[in-house]
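Asker: Take this structure, written in structure tokens, and hold onto it; I'll ask about it next.
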């Protein structure tokens, strides 16, 4: 069962429009009722069916002047026009609410469609998905015969990948094996491949190779060593710059 919080925006808009329509109806009915209840007066300001004697007495004792009568008529006219203006304004607001009610669900549906396409929809990776500067750092146990070690040895490396977006790039790396710095800020060319499903490879000529798994937006990728046997690295490499 749905709770109170499961009411959709379109239902809320319909409810608001219904309440607004009821309010407009009340204002219009009250305006028409006031207009019917106000007596129609002749030029002298008296009811048509009033007693002639009483009319003379009222005219004799009345302090009304043509100016006062004109002001009273003007006030009544202004009140009627104000009521009509309020009713017209409410009708305009109701129209805007109705238009918003019709357009908002479509906009929400389009937005949801774009979000679902962006997050869950199919994405195709290319060589250009990897472009820019990526940092990496990792440590582990190097196993024989990788890099000439005769026994399991602690090792660590850190550096920068630079991808050119066309399958080529460079690595700058510092490598420590045991207590010895074997490479320091060593620059080497690399080649890489990217498949449509965002998998790929990185290869250092005459050196190690890796399988990679790329985020669709290219901001990061997972990397694991595949050669030489016994090589340890596995890490998440993140882009820090597009250049």
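Asker: Say whether the condition of being touching a helix residue (DSSP H, G or I) at 6+ places or on another chain (Cβ under 9 Å) and touching a residue at least 60 places away in the same chain (Cβ under 8 Å) is met by at least one residue in region 142-158.
Answerer: Within region 142-158, one or more residues are touching a helix residue (DSSP H, G or I) at 6+ places or on another chain (Cβ under 9 Å) and touching a residue at least 60 places away in the same chain (Cβ under 8 Å).
Asker: Within region 218-243, can you find the residues that are under 16 Å from residue 125 (Cα atoms), assigned to a loop (DSSP other than H, G, I, E, B) and either in contact (Cβ under 8 Å) with a residue 60 or more places away in the chain or not assigned by TED's automatic domain parsing to the domain that holds residue 163 (or both)?
Answerer: 218
Asker: All but one of (1) modelled with pLDDT of 95 or more; (2) within 38 Å of the chain's Cα centre (by Cα) hold for residue 151; which doesn't?
Answerer: Of (1) modelled with pLDDT of 95 or more; (2) within 38 Å of the chain's Cα centre (by Cα), only one is false for residue 151: (2).
Asker: Out of 95, 101, 89, 113, which single residue is in a helix (DSSP H, G or I), modelled with pLDDT under 95, closer than 23 Å to residue 215 by Cα and outside the structural domain of residue 209 (by TED's automatic domain parsing)? Outline the logic, then answer.
Answerer: Values: 95 fails: closer than 23 Å to residue 215 by Cα; 101 fails: closer than 23 Å to residue 215 by Cα; 89 fails: closer than 23 Å to residue 215 by Cα.
Among 95, 101, 89, 113, only 113 is in a helix (DSSP H, G or I), modelled with pLDDT under 95, closer than 23 Å to residue 215 by Cα and outside the structural domain of residue 209 (by TED's automatic domain parsing).
Asker: Find the residue count for region 136-175, including only residues that are under 15 Å from residue 221 (Cα atoms) and surrounded by fewer than 15 Cβ atoms within 10 Å (Cβ to Cβ).
Answerer: Result for region 136-175: 1.
Asker: Residues to consider are 157, 166; find the one that is assigned by TED's automatic domain parsing to the domain that holds residue 218, modelled with pLDDT of 95 or more and part of a loop (DSSP other than H, G, I, E, B). If you could, list the steps in order and put the result at the bottom.
Answerer: On the way: 157 fails: part of a loop (DSSP other than H, G, I, E, B).
None of the other options fit; the residue is 166.
Asker: Out of (1) closer than 14 Å to residue 127 by Cα; (2) modelled with pLDDT under 95, what's the single condition that is false for residue 196?
Answerer: The one condition residue 196 does not meet is (2).
Asker: With the condition kept exactly as written, say whether any residue in region 204-213 is surrounded by 15 or more Cβ atoms within 10 Å (Cβ to Cβ) and in contact with a helix residue (DSSP H, G or I) (Cβ under 8 Å, 6 or more places away or on another chain).
Answerer: The answer is no; no qualifying residue exists.
The values are calculated or read from the model by the stated rules, or taken from the named source; none is laboratory data. The model shown is predicted, which means the values in this text are computed figures rather than measured ones. Glycine gets a Cβ as well: all are built from the backbone with ideal geometry, and neighbour counts include every protein chain shown.
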